[in-house]
1. What's the average, rounded to a whole number, of partner chain beta-carbon atoms within 10 Å of each residue's beta-carbon in B:311-319?
2. What does the net charge come to around A:ALA209 if you take all other residues with beta carbon closer than 15 Å to its beta carbon, with K and R at +1 and D and E at -1?
3. Please work out the FRET efficiency for the pair B:SER581 and B:LYS707, using the Cβ-Cβ distance as r and a Förster radius of 30 Å; give the result to the nearest 0.05.
4. Taking the Cα centre of region A:207-404 as the origin, how large is its charge dipole in debye, to the nearest 20, when only Lys and Arg (+1) and Asp and Glu (-1) carry charge on their Cβ atoms?
5. Using label points projected 7 Å from each Cα along Cα→Cβ, tell me how many nm separate B:ALA159 and B:HIS212, to one decimal.
6. Would you please give the FRET efficiency between B:SER111 and B:LEU591, computed as 1/(1 + (r/R0)^6) with r the Cβ-Cβ distance and R0 = 45 Å, to the nearest 0.05?
7. Pairs of Cα atoms under 8 Å, at least six residues apart: use those to get the relative contact order of region A:207-404, whole percent.
8. Around A:LYS291, under 13 Å between beta carbons, what's the net of Lys plus Arg minus Asp minus Glu among the other residues?
Amino acid sequence: MAPSQAGYAPSLDKLLKSLKNHPLEASIDALIFLLTRRQVHGDDCAIATAHILLQVVARSKWNDVDQLLARVQKAGSRLVYAAPDEPVIGNIVRRVLGLIRDEASEERNADDLSESASDIQTLTTSSSPPPRPPPLVRSTTAGGSMSVSKSMFNLLSVADPADLPTGASTPVSQAQPASIQALRSEVIDGIEEIMDEISQADDQIASFAEIQINPGDYVLVYRPSKTVEKFLVKAASKRRFTVFIAGLEPHKKQGAEAPYAALRKKLNAAGVNTVNLASNGLTAYMARVSKVVISAKAVYQNGGLLVDSGSCIAVQAAEAYSKPVIVLCGVYKFCPQDPSEELSWGGVKGNSSAEVSYAEGAEVDELEVENTVTDYVRPEHVDIYLTNLGPQTLHHFAGILADHYKPEEMLLSLQLGEA
Amino acid sequence: MSVKQGPKGGAAAGKSKKMATPGAQEKREDVLQAVILADSFQDRFRPFSLAKPRCLLPIANVPAIEYTLEFLAANGVQEVFIYCGAHSEAIETYVHDSQRYSSRSIINPFSSIEFIRVSDATSVGDFLRDLDKRGLIGGDFILVHGDLVANIELDGALAKHRARREANRDACMTMVLLQVPQEHRALKSRVITPEFIIEPSTGRCLQYEERHPLQSDHYTVLDPALFKYPEFEIHEDLIDCGIDICTPEVLALWSESFDYELPRKNFLHGVLKDWELNGKLIYTEIMETGYAVRANSLAMYECVSRDVLGRWTFPYVPETNFVHGMSYKRVRDGSRLEDGVSISREAKVTGSVIGRSTEVGVGATISRSVIGSRCKIGKNVRIENSYIWDDTVIGDDSWVIRSILAESVEIGKDCRIPEGSLISYKVRIGDGQLLPPNPAPRLSLLQHDGSLAETDSSIVGQGGAGALYEGPIEEDDDESEDGDGTDPAALQNSLIFSLAHLNLSASSISTLASHDEFDSDHEESESRLLRPDSSGASRSRLSSFASDDSAAASSLDAFHSDAVHGLVDALRADDSVDFDSAKLEFMGLRLANNASDSSMRRAIAVAFVRRSSELLGAENGGLEPTKAAEEAFTSKRGAVRFIKEVGVGGDDTSRQSEFALALQKALLAVKGLEATRAGALLAAMLQQLYSLDVLEEEGILAWWGDKRAAENDSLAKIKEKCRVLVEWLENADEEESDEEDSD
């Protein structure tokens, strides 16, 4: 009875729970439709993509590396196509493709599994100067996925037959050469690493909060995302400062909780004052603000940002007052390409009724409503990119990208449509 | 309160309800089921729906049913039942062949899609009664129509529905409605205005009525029982998207009333009216955000298409490519183009959607239109606000303004397609053809019965194919409830909703003109309810009358119909010449119902008018009006006295003129009687009554002078016929006075 109380609408959680019971194609398609309907959006896209690609690696039939690459690329480009305003999907696909290439070359060169595994370790965490802090909060999705993929690994590997439940092994998997099996498990491990990275990124970014926020600061945030919320809460545990929350939705539903009430409660409990700024009042406060903190949906090769629409105003106001802008973004959001042409003339348009209600009457007839979902922020407006690897500047970008993507994938265009 | 308050609530009331085993029911609780009604038994989309069912007509190049299925999938529906009527094979083929929904498909979001055909179904009601018999429905289900476009989330409504149902087993249905202001385009495009009377604190729907512009009474009669509620709201500003969350008891209710046809007009209205008997509660869920509109007429088709173009239906818009195989991309000026579209450099395309492999020629301007796949648009073509389906060819220099062009239409060079044109499949229009703008042409290759129409080259020109499409002539229109000869459906056949050509009288808020009222309403409360000057204030005023009115209202309807039937039967009877028993019966009815003088007068007038107009008819000998009037009044002994004593009820002039007025209005309500003939009959009847000393000349002259006797065209027409009689009376009067003078 409990699940039916939660509602019938499909969601990412439901999809992840049902991954095992459904055919691979059905799962891919289910995610595509979740993306199309925007039932999965924002930061969830990355983890969802990783889950699905893990399924592709673990469950699709492939006999050599090229086949695997083709399958991942096909599934990946369909996902990218379903949500063109979420470049992070493309990043994950590229990372996985790069991972497969790496593993394949490792396989050819050396058979020592442990060595290649440690290589992945160094690859994914790359040359990070600050030591990775232990994960403070394990998000539930990550935990769940770990166990799922673990059992998947067991199911398909012949290396560990003792653990296998009887009858679970299929003739196909036994017929495959051992090197394929090894590659499969290596890639799965690698994808799990990526998932860990994604789920821990927010906590790692938050761990730098006390360095970035000084006592007595006035911090302006624009429609804070989960990343920003974690960052503020972490900072509040160490510092005393004031938070301006800008960009509140103009239409407040009756009976709904005040916007960001949970965040404000947490901050107030820690002794940090919060001020809600109504819609566009933020420019008036900019003189008082000491820094602006926003989170990005994606960071392009040139340092430009893809942000949720509206943040652009905060950034431009900060520029006008010469206030520093700190962008919070996990490394997995770094795109090895330049912003698309579409972005330069407004980007993907969303639901018109988000801005003007369909029930508005005459306006519906008279107005052409274009609801811009995303904004593009130019690189010169950003001062610090705070990643899970620590604060970065534009100069480090080439290095970071080179660490995370193979040249083949950096040039790869995933906007192929359905193959 | 309710008689049937057993442990199983209303379920026990359903005769054919099969009780599933408890285990099966529990298992099904978690599975959300939906029923799509893919046929609505209307012909509003003709001539397009002759070849294709409504739910396969493309809205922004996507068949309507895709929107419906996608809406259900997005809300987590697992099992879908589709009821098909006309063109059921086409719908089944479409779904079976679709990559996503076919039964073999592993990517099907539904665990099952089942088609149900009912061979002898003639209405939605037949579908639902059939569904009840099959016992397929285990728990709550969603009932939608196949022409729904919606992006709302139902989780909230479903949870509320479940909570209500758990609190009270009789809460059987929740209707999802969208609130918009009066001037909204989705409201302006509809013909029938639904009126929901809702208790605001609970959302319970208390009464449901429908209005349309062709009816002569521009008001709604409220159920007096409403005034027992502390507050209620009357909503005309709701878009009824036809999404109902139902419990299986709803199906049982349908089965109980075998004559219900429409889910709103019959079912909802009926169940709410009889709620004291059935005890069922129906709730509304009013959404303030989101989109849910049915494309249930051509005007609504246009409205929905524009909403898709304007992204109100997001994410179900072309650029999200929510159907397999779509490949739309947004381009700079707000248009959405699919792969392979070639637009020549000089062409201007703004705010439009263009399907795969369409070619647009040099100098063409296309704005706010939808163009299907593989179309060829010639040079310098102008297309505005139009919906052009696949494979259409439009020749150079032609104009298409606000029209619908179906698949494979060919328009020659230099043609003009004016506003509101509907051009059906494969029609060809020759070069240089200017279609007449008024009335907007409807062209088709097929006639309404599906046979090929003869090409009318005066319309389609040299080398053309097709003819003006004419709807079937409705012979049994008289039987329909919408009485006065004009069916609102006629308004829904055109793309542009307009009342301009209909010459409706706007001032008729207080008329008694229609047969509707004469049959079913009652003057008493009506005259109190709505005076023309104070319709706004009447609501509050009414509440004070509520207590004494409540009992009378329902019984008066019954009184009227019973009394009229009794009297007409007595007048018809061949075997008896005595009217006394009928009189006795009438008086008994009157006492039982506490009927007022005016309602008696009305009943008597209606009865005699019916009888005399019957006598005019061929099957009764086709008498002349004078003969008919004489026969009606004098064939039965005592009838005249009865009219004089009961019908008129006295000698004073005002009562006599009232009776004459009642006769006149009753004549207006007689079906199939043209105005001139009705006028002749009225004159004959008045003369007969005059000579029988029932009416005196003062009475008739007072009626003649009464403004109410000529307050609309048809009444005036009837009245005009009596001029001779009145002049004669006036002369007689003068002569009389002359004589008196000379004495």
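The values are calculated or read from the model by the stated rules, or taken from the named source; none is laboratory data. If you're wondering where the values come from, they're calculated on a predicted model, not measured in any experiment. Neighbour counts run over all protein chains shown; Cβ positions are idealised from the backbone, glycine included. To get the accessible areas, we keep the full protein, side chains included, count just its heavy atoms, and leave off ligands, DNA and RNA. Shrake-Rupley method; radii C 1.70, N 1.55, O 1.52, S 1.80 Å.
1. Per residue, the number of nearby Cβ atoms from other chains is 6 on average.
2. +3
3. Efficiency, rounded to the nearest 0.05: 0.15.
4. The calculated dipole for region A:207-404 is roughly 1420 debye.
5. Each label point lies 7 Å from its Cα, and together they span 4.0 nm.
6. 0.10
7. Over region A:207-404, the number comes to 20 percent.
8. Summing Lys and Arg as +1 and Asp and Glu as -1 gives 0.
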